[in-house]
1. Only one of (1) within 23 Å of Ala101 (Cβ to Cβ); (2) open to solvent by 50 Å² or more (accessible area, probe 1.4 Å); (3) among the small types (Gly, Ala, Ser) is not met by Ser21, so which one is it?
2. Quick one: count up the residues across the range 435-454 that are assigned to a loop (DSSP other than H, G, I, E, B) and modelled with pLDDT of 95 or more.
3. For the range 260-272, which residues satisfy the criterion of being touching a helix residue (DSSP H, G or I) at 6+ places or on another chain (Cβ under 7 Å) and not basic (Lys, Arg)?
4. Only strands (runs of 3 or more DSSP E) wholly contained in the range 242-356 count here; list those with 3 or more residues that are open to solvent by 20 Å² or more (accessible area, probe 1.4 Å).
5. Could you tell me which residue of the range 405-420 is nearest to Asn437 (Cα to Cα), considering only residues that are open to solvent by 30 Å² or more (accessible area, probe 1.4 Å) and assigned to a strand (DSSP E or B)?
6. Name every residue in the range 37-61 that is open to solvent by less than 60 Å² (accessible area, probe 1.4 Å) and more than 16 Å from ligand 3 (Cβ to nearest atom), in order of residue number.
7. Restricting attention to the range 39-62, which residues are within 20 Å of the chain's Cα centre (by Cα) and assigned to a helix (DSSP H, G or I)?
8. Look through the range 165-215, keep the residues that are of a type in the set (Asp, Glu) and within 15 Å of ligand 3 (Cβ to nearest atom), and return whichever of them is least open to solvent (accessible area, probe 1.4 Å).
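The values are calculated or read from the model by the stated rules, or taken from the named source; none is laboratory data. The structure displayed is predicted, hence computed values, not measured ones. So basically every Cβ, Gly included, is an ideal-geometry build from the backbone, and we count neighbours across all protein chains shown. Calculation scope for accessible area: heavy atoms of the full protein, side chains included, ligands and nucleic acids excluded. Shrake-Rupley method; radii C 1.70, N 1.55, O 1.52, S 1.80 Å.
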Amino acid sequence: MENIQKFYIKTFGCQMNVYDSQKISDIFYKLGYIKTSSQIKADISLINTCHIRDKAKQKLYSELGKINKIKINRKLKGKKTIVIVAGCTAQAEGEEIFNRAPYVDLIVGSQSYQKLPQLIKKKISHFSRNKLNKTNLSELDFTPKSKFDNLTEEKFLNKVSSYLTIQEGCNKFCRFCVVPYTRGPEYSRPVHDIIAEAKNLVSNETKEIILLGQNVNAYHGYDSNKNEYNLGKLIYELANINGLKRIRYMTAHPKDMHEDLYNAHKDVKQLMPFLHLPAQSGSNKILKSMNRNYSFEEYVKIIEKIKKINPDIAFSSDFIVGYPGETKQDFKKTLDLVDIVKYAQSFSFIYSPRPGTMSYKLKDKITDDEKKERLLILQNKLKSYQEKFNKKFLKKSLDVLFTNFSKKKNYQSLGYSPYMQLVRLQNKKNMKGRIKNLKIIKTFYKSLDAINEI
Ligand code: SAH
Ligand code: SF4
Ligand code: F3S
C-alpha cells in the first residue's frame, strides 16, 4: 500500500463542502498524491457528505454501494482502496456508518480532516500488517481552530471565482436544522488569516471571492492587534486588495444584518449588489415554531432598508414548505412575501424531519401530496419572478466576469453578472478572468445570452 498514488473526491452539499474538498485535495497533494476523476483508478476514494435533508443521506449510501463494488474488483486485481467518508453525515452518524458499510476505512468529521495524513498512515500500517477490516478509524472532534490553522498551502489555484470560508458552525438552532450538530458552535477565523488567504488567491488569478459561513454575517473575528471585526468591516478591509474585483458573501441570516454591512453595500464598489437572505417562511407562527427569531414584518424591513441604501440590489432566499403545523393560510403568507420581495432567484424545499433536531418529533398533519402541491405553487411563483428579473436586462448591458471557457459547443464563454445571473457568450476568444460589459440579446429562466459588440 506504500504505492498510493491517486485520489478521488466526490462532494455533496453546500459551498462550504466544496471549499473543504479543495482543502482536502491540498492535503493529498502535499502527501504527493495525484487527483483522478476515475473512481476505478483511485487508491483513495473520499466522499464529502451532506446531512441537511434525508435525501442527502440516501445519496451517500448509494454512492458507497458503488464504491464497494469497485473496491472488491480492485482487490481481485491485487489493488487496495482506502474508502473515506468525510463531512456532515460523517459527523452526525459517526461509527454508525461502519455498521451499515463495513468496507469504509476512515470516517472524518467536518472539522477533523486536517488529521487525514496521520489516519491514512495508520491505515497503511494496518494494511501492511494485514489487519484488514477490523481497523476502521474515526475522528469526530469539533476543532475548527486546529482545522483552519493546519490548512496547507494551496496548489493549482487558477480559479477566477474562489470560495473562502471565514466562519463556520452555528449557534442558532433553528428547530429543523442539523447544522449546529454537524458543524458545531460558531467559530470565526482571525482577520489576518483571511486577508492572507485572499491575497494568495488574488495573486493566483482570482478576481472574485465568495466569503462563506453558515452564518457569514455573524462573523466576529480579531486582527493581530485584538481589534474586533464584523463582516461589514472585513469587507472594507478586503476591498483594499489590489486586483480583487468582486466580493460576495453567503449565507446571511436576517438576525445578523448590521450597520457596517449595510454601509458596505453603499460604499464598497467591489461588493456585488446581491443578497442571499433565507426567509424560510412568511408566516409568523411558523417562523416562531422554527425558532428563526424574526417576523415577516422585520424581514421586510431589512429588505426595505437595504434597498434604500442601494436600490440596485437583487435578492435570493431559501424556503421550506410543509413544516409541521403549516396551514394553507401560513403557506399563503410565504407567497405574499415572495410577491413583496420579488426574488431574483431562490431555493425551495419540502421540510425533511431530521433525527436529533428539535422539530423531529413534531406532529405533522399535512399530506405528502399537499406538500408537493405547495412546493410546486411556490416554485412556479419564484420562477415567474426570476424570469421577469432576467427579462429586465434584455437589450441592456451588464458587466460579466467570465469564469469558464469551453471549446466544445461552438466556443462558449460562461460568466456571471453582478446579480449572479449565468451569462453565455459565443466567442472564439477565451474570456476567462476578464470582466466585459456586454449586451444581453436573449433572456431565459436561469440564464442570459450576450453578444460582444466590440
Ligand atoms: N444558515 C442558513 C441555511 C443553511 S442550510 C440560514 O440560516 O438560512 C441551507 C438551507 O437548507 C436552509 O436555508 C433551509 O431552507 C434548508 N434546510 C435546512 N434544513 C432543512 C430541513 N430539515 N428540511 C428541508 N430543508 C432544510
Ligand atoms: Fe441551520 Fe438555522 Fe443555523 Fe442556518 S441559522 S445553519 S438554518 S440552525
Ligand atoms: Fe450539508 Fe453540511 Fe453544508 S449538512 S448543507 S454540507 S453544512
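1. (2)
2. Of the range 435-454, the ones assigned to a loop (DSSP other than H, G, I, E, B) are 444-446, 452-454.
Going one step further and asking which of them are modelled with pLDDT of 95 or more, we end up with 444-446.
Qualifying residue count, the range 435-454: 3.
3. Answer for the range 260-272, where residues must be touching a helix residue (DSSP H, G or I) at 6+ places or on another chain (Cβ under 7 Å) and not basic (Lys, Arg): Asp260, Leu261, Tyr262, Asn263, Ala264, His265, Val268, Leu271.
4. 345-350
5. Initially, the range 405-420 is screened for residues open to solvent by 30 Å² or more (accessible area, probe 1.4 Å), giving 405-411, 414, 416, 420.
Checking the rest, the ones that are also assigned to a strand (DSSP E or B) come to 405-406, 414, 416.
Numbers: Phe405: 17, Ser406: 20, Leu414: 14, Tyr416: 11 Å.
For the range 405-420, the residue satisfying everything is Tyr416.
6. Ser38, Gln39, Ala42, Asp43, Ile44, Ser45
7. In the first step, residues of the range 39-62 are kept if they are within 20 Å of the chain's Cα centre (by Cα); the result is 46-60.
Selection gives Asp54, Lys55, Ala56, Lys57, Gln58, Lys59, Leu60.
8. As a first pass, look at the range 165-215 and keep what is of a type in the set (Asp, Glu): 168, 186, 193, 197, 205, 208.
Narrowing the set further to residues that are within 15 Å of ligand 3 (Cβ to nearest atom) leaves 168, 186.
Details: Glu168: 1, Glu186: 49 Å².
This residue is Glu168.
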